[in-house]
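Input: a single structure, listed below in structure tokens.
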Amino acid sequence: MDIKAIERKWQQQWEKARLNNFDRKSDAPKYYVLEMFSYPSGAKLHIGHWYNYGPTDSYARFKRMQGYNVFQPMGFDAFGLPAENYAIKTGVHPKDSTEKNIATMENQLKAMGAMFDWSAEIKTCEESYYKWTQWMFLQLYKKGLAYRKEAPVNWCPSCQTVLANEQVVDGRCERCSTEVVRKNLTQWFLKITEYAEELLSGLDTLDWPEKTKNMQRNWIGRSTGCEIEFESERGDKIRVYTTRCDTVFGVTYIVLAPEHPLARKLTTPEQHDAVEAYIENASKCTEIERLSSTREKTGVFTGSYAINPVNGRKIPVYLADYVLATYGTGAVMAVPAHDERDFAFATKYGLPIEKVIEKQGGETELPFTEDGIVRGSVEFDGLFGEEARDAIAAHISKLGKGGKKVNYRLRDWLVSRQRYWGAPIPVIHCPVCGVVPVPEKDLPVRLPYDVEFRPDGKSPLAKHEKFMSAPCPVCGRAARRDPDTLDTFVCSSWYFLRYTDAHNDREPFSREEADRLMPVDTYVGGAEHACMHLLYARFLVKALRDMGYLDFDEPFKRLVHQGVILGPDGNRMSKSHGNIVSPDEYVQEYGADAFRLYLMFGFSYTEGGPWNDDGIKAIAKFLDRVEKLVAKVRDMKVPRDAQPYGAEEKALDYARNFAIARVTRDLESFSFNTAIARIMELVNAIVKYDALPVKNAALLKATVTDLVLLLAPCAPHTCEELWEMLGGKFSVFEKKYPVEDPAALVLDEKEYAVQVNSKIVCRAMFPSSAQNAEVEELARVLPEVQEKTAGKAVKKCIVVPGRLVNLIVG
RNA sequence: GCGGAUAUGGCGAAAUUGGCAGACGCGACGGACUUAGGAUCCGUUGGGCAACCGUGCAGGUUCAAGUCCUGUUAUCCGCACCA
């Protein structure tokens, strides 16, 4: 077969027949298969793209053949830093390089032979798309879910922009690995924390990998504790958050984060210089320095004291950077006897350590951080763990000094970026009216082309006078636009909604189309997005639902992560490792089908692994074998008279139906490697049958036909061609996927493993209908069994129907 | 430090969820067809001469363990002063 010609032929036919498009008129149940769209970074598809899109497309085709009206769109996450950095290096404008890359990738994606519905294609950098990204922002703003505040933010000195918490990895920029520093800036935030509880509880309803759900749970980080109000001697109220209020009688000092609003107010004149120096120093630390938990704790005394509300004790107030300003209340009560950090700090600064919890039935060694029995806490003595916390929290509540409180580690999502290649934030800053959203009728706020994007810490757009100056929409006075652009994760948080109604120019999507096609039934993409894209998208969907634009709670019903294909050396493919394997030569030599099939067969889909091409020739050979079978039965005459149907035919029919059942099950669960293995077994069975002198031509032909149908989702071009060879009508993808005949799967006899004292003695065929007692009898009389059991009593017999019989003698 | 995942032939990997370990494929070996090579086809292929032994390692539960439990090692991933 001329692979290239066949690929071209069928790709053209599919396009002509609009076979890949979602059928908006069909009554068939919809099925939305989505692969994470790609960033057009390099011009060419790499193995990762093929690995994500090829097998998933086979899944989509499989669902289609099962009778679903499948929607599988594709697009480009086109805004973002790489294009801009490339521009800085080479002078090629991000828009130009991005468009060029997209054009190349589109062609390559089409050559893959995937059934993408290109009529719904979107590119996030196009005005027709980012107009609605800006619209999203405005709706969030109206709803009070977007706000501006000055806050210490993560600043990447190399990318010259702020980063969201999620984009900081080990204190370094996720993108360029530069150490992140903290900077106080006024920035836009989205109030994702408002949805913390629902983002957490919603996970239970999702068919996602447990690991990913756990990562999100962890990231959201819910904890139940208690807020307690301490009062300084001068009457300042200091609220602390603790999960261990059962230790409150053991508090020996209080610690505030250096950025705490009361830090300076509580400082006495004598301590002024020391405190100022400490605060100054803390602010200069990089994230890395500060995050290191092995680093010795430092702090400074403010000179003030506070009163413990439960026992009236006077305790000193310290500042220390081991307390985080952004979590809880930014202040903690220190119980050195029962917290390792407090213990280390107290030891260093000579602060008292007071034991108020005792280990149950054992020596209490400090710091003792587990649950134990309360001591030295008046009426609470003797209570244990949770019980003690409940009682003490109730007591604090009664005193009017706080009470139970739930906290989350999740922070609001920082979305301002001081970069050019993104969607401008649709806001105008008026000297009189303040922050004014751009009226929806004026959207999009266009991203100008002629911009100096060399970074200098300010947004490139800030230097574009024509862009910056705009009249205030409220009062008409001269005002300034917001010079920042939106984090690209905002663009990708709703693209799956836009696909459902990609050409709507009146709204981002119609509610009708979204409700009809959403949620995504199966979403496939890399695991690295667990706490970013996948969390942001869930948040936005919930926010849109609450604003009345949608009628569902979760965007992605089922989630699958493909594994990572590593370089042949076992490392991640990268230029620096010099281990990048390009798919192009393989596709050129063996064809798209063989390459896709190899990716499916050679790896466990969710595992991935090091690349090696040992088996790819075998896959090409396998396709040849299938073709030979088709060629052979194509012209085979089926006689009118009755066909033979004996043991061989029954075996073939069994193989055929067994393959149908297993392939169907395996494709459904993304076990592509075993699905293909089952198809290979079927081919082996057909070849074996075909070698017989007398054959049932009708059965043989029907089996080969099923083989082509079974394989079609995995080798689409080849099977479309083979289908045509068999005289089938275009297209094979409009045929029903085979369904097994349960009757053919019932065998007269089954092979049992026969064991004596759990050791295999022999194998034997017993009737499938045999009951356990019968199996036991049949097994007992086998000569091999007789030999082993001679003269011994059978004490017990275990029968696993259809599989195994075990006689225990002694 | 905490949490999670993984560990199976020379290699990629399977194993109806506690029931014949190694399906399917690669590679290797032998053979057929060939002047030869290639292609194709047919066998054999965990180890051991055997009894037996074999799923990272050490224990345990069970008639039966790759699968469950306890401990341990290695690799990968996530979180990391979250009070």
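The values are calculated or read from the model by the stated rules, or taken from the named source; none is laboratory data. Remember, predicted model here, so these are calculated numbers, not experimental data. Cβ placement follows ideal geometry from the backbone for every residue including glycine, while neighbour counts extend to all protein chains displayed. Remember, those area values only see protein heavy atoms, side chains included, never the ligands or the DNA or RNA. Shrake-Rupley method; radii C 1.70, N 1.55, O 1.52, S 1.80 Å.
Considering the stretch A:21-43, the residues that are at pLDDT below 95 and closer than 16 Å to A:Glu512 by Cα include one that is least open to solvent (accessible area, probe 1.4 Å), namely A:Ser26. Among the numbered conditions (1) modelled with pLDDT under 90; (2) over 28 Å from A:Pro716 (Cβ atoms), the only one that A:Met636 does not meet is (2). Looking only at residues in the stretch A:722-739 that are part of a helix (DSSP H, G or I) and of a type outside the set (D, E, K, R), the one that is surrounded by the most Cβ atoms within 10 Å (Cβ to Cβ) is A:Leu722. Residue-level check: of (1) more than 16 Å from RNA strand B (Cβ to nearest atom); (2) basic (Lys, Arg); (3) free of Cβ contacts under 8 Å to residues at least 12 places away in the same chain, A:Lys759 misses just (1).
Condition check: surrounded by fewer than 17 Cβ atoms within 10 Å (Cβ to Cβ) and farther than 16 Å from A:Lys4 by Cβ. Does A:Asn571 satisfy that? Answer is yes for this residue.
Table: residues versus (1) surrounded by 18 or more Cβ atoms within 10 Å (Cβ to Cβ); (2) under 22 Å from A:Ala196 (Cβ atoms); (3) in contact with a Pro (Cβ under 7 Å, 6 or more places away or on another chain); (4) not small (Gly, Ala, Ser).
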| position | (1), (2), (3), (4) |
| --- | --- |
| A:Ser459 | yes, no, yes, no |
| A:Pro473 | no, no, yes, yes |
| A:Thr500 | yes, no, no, yes |
| A:Pro508 | yes, no, no, yes |
| A:Gly525 | yes, no, no, no |
| A:Leu559 | yes, yes, yes, yes |
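Restricting the first member to the stretch A:456-480 and to residues that are modelled with pLDDT of 95 or more, and the second to residues that are open to solvent by less than 50 Å² (accessible area, probe 1.4 Å) and part of a helix (DSSP H, G or I), the beta-carbon pairs closer than 9 Å and six or more apart or on different chains are A:Phe467/A:Leu461; A:Met468/A:Leu461; A:Met468/A:Ala462; A:Arg480/A:Ala462; A:Arg480/A:Met468. Taken together, the criteria exclude A:Phe230 from residues that are open to solvent by less than 40 Å² (accessible area, probe 1.4 Å), within 30 Å of A:Pro426 (Cα to Cα) and in contact with a Lys or Arg (Cβ under 8 Å, 6 or more places away or on another chain). Of the helices (runs of 4 or more DSSP H) lying entirely inside the stretch A:609-712, those containing at least 2 residues that are away from RNA strand B (no atom under 14 Å from the Cβ) and of a type outside the set (A, V, I, L, M) span A:647-668, A:697-711.
Can you tell me how many residues within the stretch A:355-414 are touching a Cys at 6+ places or on another chain (Cβ under 7 Å) and of a type in the set (Val, Ile, Thr)?
Our first condition is that a residue be touching a Cys at 6+ places or on another chain (Cβ under 7 Å); within the stretch A:355-414, this holds for A:389, A:392-393, A:396, A:402-405.
Imposing the further condition that a residue be of a type in the set (Val, Ile, Thr) reduces the set to A:392, A:396.
Number of matching residues: 2.
Taking the criterion of being open to solvent by 10 Å² or more (accessible area, probe 1.4 Å), within 30 Å of A:Leu256 (Cβ to Cβ) and more than 10 Å from RNA strand B (Cβ to nearest atom), the only residue of the stretch A:198-226 that qualifies is A:Leu200.
Does any residue of the stretch A:185-193 turn out to be under 23 Å from A:Asp482 (Cα atoms), in contact with a strand residue (DSSP E or B) (Cβ under 8 Å, 6 or more places away or on another chain), in a loop (DSSP other than H, G, I, E, B) and among the aliphatic types (A, V, I, L, M)? Within the stretch A:185-193 (the criterion being under 23 Å from A:Asp482 (Cα atoms), in contact with a strand residue (DSSP E or B) (Cβ under 8 Å, 6 or more places away or on another chain), in a loop (DSSP other than H, G, I, E, B) and among the aliphatic types (A, V, I, L, M)), the answer is no, since none of the residues qualifies. For the stretch A:44-67, a residue qualifies if it is open to solvent by 40 Å² or more (accessible area, probe 1.4 Å) and within 19 Å of A:Pro583 (Cα to Cα), and the qualifying residues are A:Lys44, A:His46. Restricting the first member to the stretch A:128-152 and to residues that are in contact (Cβ under 8 Å) with a residue 12 or more places away in the chain, and the second to residues that are of a type in the set (A, V, I, L, M) and surrounded by fewer than 19 Cβ atoms within 10 Å (Cβ to Cβ), the beta-carbon pairs closer than 7 Å and six or more apart or on different chains are A:Lys131/A:Leu443; A:Gln134/A:Leu443; A:Trp135/A:Leu443; A:Gln139/A:Met547; A:Lys143/A:Met547; A:Arg148/A:Val435; A:Glu150/A:Leu185.
Conditions (1) modelled with pLDDT under 95; (2) of a type in the set (S, T, N, Q); (3) closer than 30 Å to A:Phe22 by Cβ; (4) within 23 Å of the chain's Cα centre (by Cα), marked per residue:
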| position | (1), (2), (3), (4) |
| --- | --- |
| A:Ser119 | no, yes, yes, no |
| A:Asp170 | yes, no, no, yes |
| A:Arg175 | yes, no, no, yes |
| A:Thr205 | yes, yes, yes, yes |
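Among the residues that make up the stretch A:180-197, is at least one of them near RNA strand B (Cβ under 10 Å from one of its atoms) and open to solvent by 50 Å² or more (accessible area, probe 1.4 Å)? Checked against the condition, which is being near RNA strand B (Cβ under 10 Å from one of its atoms) and open to solvent by 50 Å² or more (accessible area, probe 1.4 Å), the stretch A:180-197 yields no hits at all.
Filtered by the rule that a residue be of a type in the set (Phe, Trp, Tyr) and either part of a strand (DSSP E or B) or away from RNA strand B (no atom under 15 Å from the Cβ) (or both), the stretch A:306-364 gives a lone residue, A:Tyr318. Exactly one residue among A:Leu559, A:Leu599 is out of contact with any Cys (no Cβ under 7 Å at 6 or more places or on another chain) and in a helix (DSSP H, G or I), and that residue is A:Leu599.
Suppose the filter is on the phi > 0 side of the Ramachandran plot and open to solvent by 10 Å² or more (accessible area, probe 1.4 Å); does A:Gly578 pass it? It is true that A:Gly578 is on the phi > 0 side of the Ramachandran plot and open to solvent by 10 Å² or more (accessible area, probe 1.4 Å). Considering only residues in the stretch A:234-279 that are small (Gly, Ala, Ser) and assigned to a helix (DSSP H, G or I), the one that is least open to solvent (accessible area, probe 1.4 Å) turns out to be A:Gly250.
A quick yes/no check of all residues on (1) within 28 Å of A:Glu668 (Cα to Cα); (2) modelled with pLDDT of 90 or more; (3) within 45 Å of the chain's Cα centre (by Cα):
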position	(1), (2), (3)
A:Glu734	yes, yes, yes
A:Glu740	yes, yes, yes
A:Tyr752	no, yes, yes
A:Met765	no, yes, no
A:Gln771	no, yes, no
A:Glu774	no, yes, no
A:Gly791	no, no, no
A:Val794	no, no, no
A:Cys797	no, yes, no
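Here A:Phe301 meets the list (1) in contact (Cβ under 8 Å) with a residue 60 or more places away in the chain; (2) crowded, with 19+ Cβ neighbours inside 10 Å; (3) under 20 Å from A:Val240 (Cα atoms) almost entirely, failing just condition (1).
Tallying residues that are farther than 21 Å from A:His561 by Cα and open to solvent by less than 20 Å² (accessible area, probe 1.4 Å) within the stretch A:588-622 yields 7.
Residues in the stretch A:780-810 that are of a type in the set (A, V, I, L, M) and within 13 Å of RNA strand B (Cβ to nearest atom): A:Val794, A:Ile798, A:Val799, A:Val800, A:Leu804, A:Val805, A:Leu807, A:Ile808, A:Val809. The single condition among (1) on the phi > 0 side of the Ramachandran plot; (2) touching a helix residue (DSSP H, G or I) at 6+ places or on another chain (Cβ under 7 Å); (3) among the hydrophobic types (A, V, I, L, M, F, W, C) that A:Phe368 does not meet is (1). From the set of residues in the stretch A:280-290 that are surrounded by 14 or more Cβ atoms within 10 Å (Cβ to Cβ) and under 18 Å from A:Val255 (Cα atoms), which is modelled with the lowest pLDDT? That would be A:Arg290.
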